[in-house]
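Enquirer: Have a look at this one.
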Amino acid sequence: MIWDRERLYLEVWQSPMIELAARLEVSGTNLKKICVNADIPVPPQGYWNKLAAGKPVPTRPPLGPSRRGIERAQYPGPRPQEENLLTQADRDEVTASVSSVAVPKSLKSPHPLIARLLDNVGFRLKHVGMISNGAMREALQIAELTATDERRLRILDTLFKELAPRGWQIKLEKSRQFSAVHEEGRIYFKLNERIRRESIARRPPTNAFEELIWRPTTQIFHRSKWEDSERAGVEARLPDILGSFLLWARLWKHEKPQRQLRAAQMAEAESVRKEQMAEAARVREAAQTEQRQERERWASLLGASEAWRDAAVARAFVEELAARIGSSNEHIDGKPTSDWLEWARRRIAETDPLARGAMAALCRIVGKS
């Protein structure tokens, strides 16, 4: 949604920011960020409390120009509520389609991504992170699957196999997150488990130092990618988890018109912003050009006045020379005195800015000649 900059400036000085944000259905933080980006001055902290208590408050500063050329402020409108877009029929249909989903007791024909995690220990350690915590992290790196790991992979395998025929593509992201891709949308997720202790066998000691600290078993902390509730494990809640993916896909479909509208509004706002920035750049460039021309005119005026003064002094000097020489016409460097005096008068006329008239001199000064 787009809000006129001047109107927003008046609004933020008529009511507290939190109240205005509530009316606009945005967060106070986002609204303040919009004002900062658009160079809209806002009341200082404590302004409204002082005003309510009858204490003096700072004068509202004027709305100056936007440094970024922003004249209309954009803010995200309220997102449609899920319950308004998803009907009960949607929910009932999804619930019925996932009600029979169950996690098997063992892995059979695993999903390709799960098969890769099972077969390649290095890949599993790198992307899923089945590595112990604590000071002995390097020494206690786990290569074999534990019961915790097997359970995690069985749950993931069931989820992936249920999503695949419904049009979802499962990927493993670099950040150790899984992503489920459906049409144009993508869901990033992890299955988190509460930290638990699990005993694993350790290798016998191979040197004197290890012999001193060796124990047959040790307690290792694991953090997997699921979370059990107090009432039920993830296995029992998997239909709900799967259903949330399917409901999201339907919500995405229902939201498509709103997304297209928001995209069009954002494109329009971006186009307006670029036009405003281009216009601001043109104004700045014109101002800089005018300043440069003004400096050049002033330098030309000073130069012309200096040339005129020098010409006047030189002319008076030449005329004084002519008066003192009189009728004498001696030769200097092969030329008579009269030729040299004429040469001097010609040179003065060439340098005198007023020799061609006052208008011509002014045109040259302002750069229009």
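Enquirer: For segment 2-78, with the dipole built from +1 on Lys and Arg beta-carbon atoms and -1 on Asp and Glu ones, taken about the Cα centre, which of P62, N30, L20 lies farthest toward the positive end?
Expert: P62
Enquirer: In nanometres, what is the gap between the two model label sites at Q276 and I325, each 7 Å from Cα along Cα-to-Cβ?
Expert: A separation of 7.3 nm, rounded to one decimal place.
Enquirer: In Å and from the alpha-carbon atoms only, list the Rg and Dmax of segment 2-78.
Expert: Cα-based Rg and Dmax for segment 2-78 come out at 12.5, 37 Å.
Enquirer: Something else now. Quick check on my link table: of K33/K274; K174/K253; K161/K253, which ones sit more than 24 Å apart, alpha carbon to alpha carbon?
Expert: The answer is K174/K253.
Enquirer: Another question, if that's okay. Remind me, relative contact order of segment 2-78 in percent, using alpha carbon pairs under 8 angstrom and six or more residues apart? List each step's numbers first, then the result.
Expert: On the way: 80 pairs, mean separation 36.4, N = 77.
Across segment 2-78, relative contact order equals 47 percent.
Enquirer: In whole Å, what are the extents of segment 279-366 along the principal axes defined by its C-alpha atoms, from largest to smallest?
Expert: Sorted largest first, the three principal extents are 71, 22, 17 Å.
Enquirer: For N49 and E342 in one chain, what is 0.36 nm times their gap in residues minus the Cα-Cα distance, to one decimal in nm? Don't skip to the end; give the middle numbers.
Expert: Values: separation 293, 0.36 × 293 = 105.48 nm, distance 8.71 nm.
Extending this stretch completely gives an extra 96.8 nm.
Enquirer: Follow-up question, since we're still on this one. Test of understanding: what is the full-extension gain from A96 to W298, defined as 0.36 nm times their sequence separation minus their Cα-Cα distance?
Expert: Working: separation 202, 0.36 × 202 = 72.72 nm, distance 8.53 nm.
Gain in length upon complete extension: 64.2 nm.
Enquirer: From Cα pairs below 8 angstrom and at least 6 apart in sequence, can you work out the relative contact order of segment 279-366, rounded to a whole percent? If you can, show how the numbers build up before the last one.
Expert: On the way: 38 pairs, mean separation 33.7, N = 88.
This gives 38 percent for segment 279-366.
Read-outs throughout are calculated quantities, based only on the coordinates presented, and are distinct from any laboratory measurement. Note that this is a predicted model, so its numbers are computed, not measured. In this analysis, Cβ positions are derived from the backbone assuming ideal geometry, glycine residues included, and neighbour counts consider all displayed protein chains.
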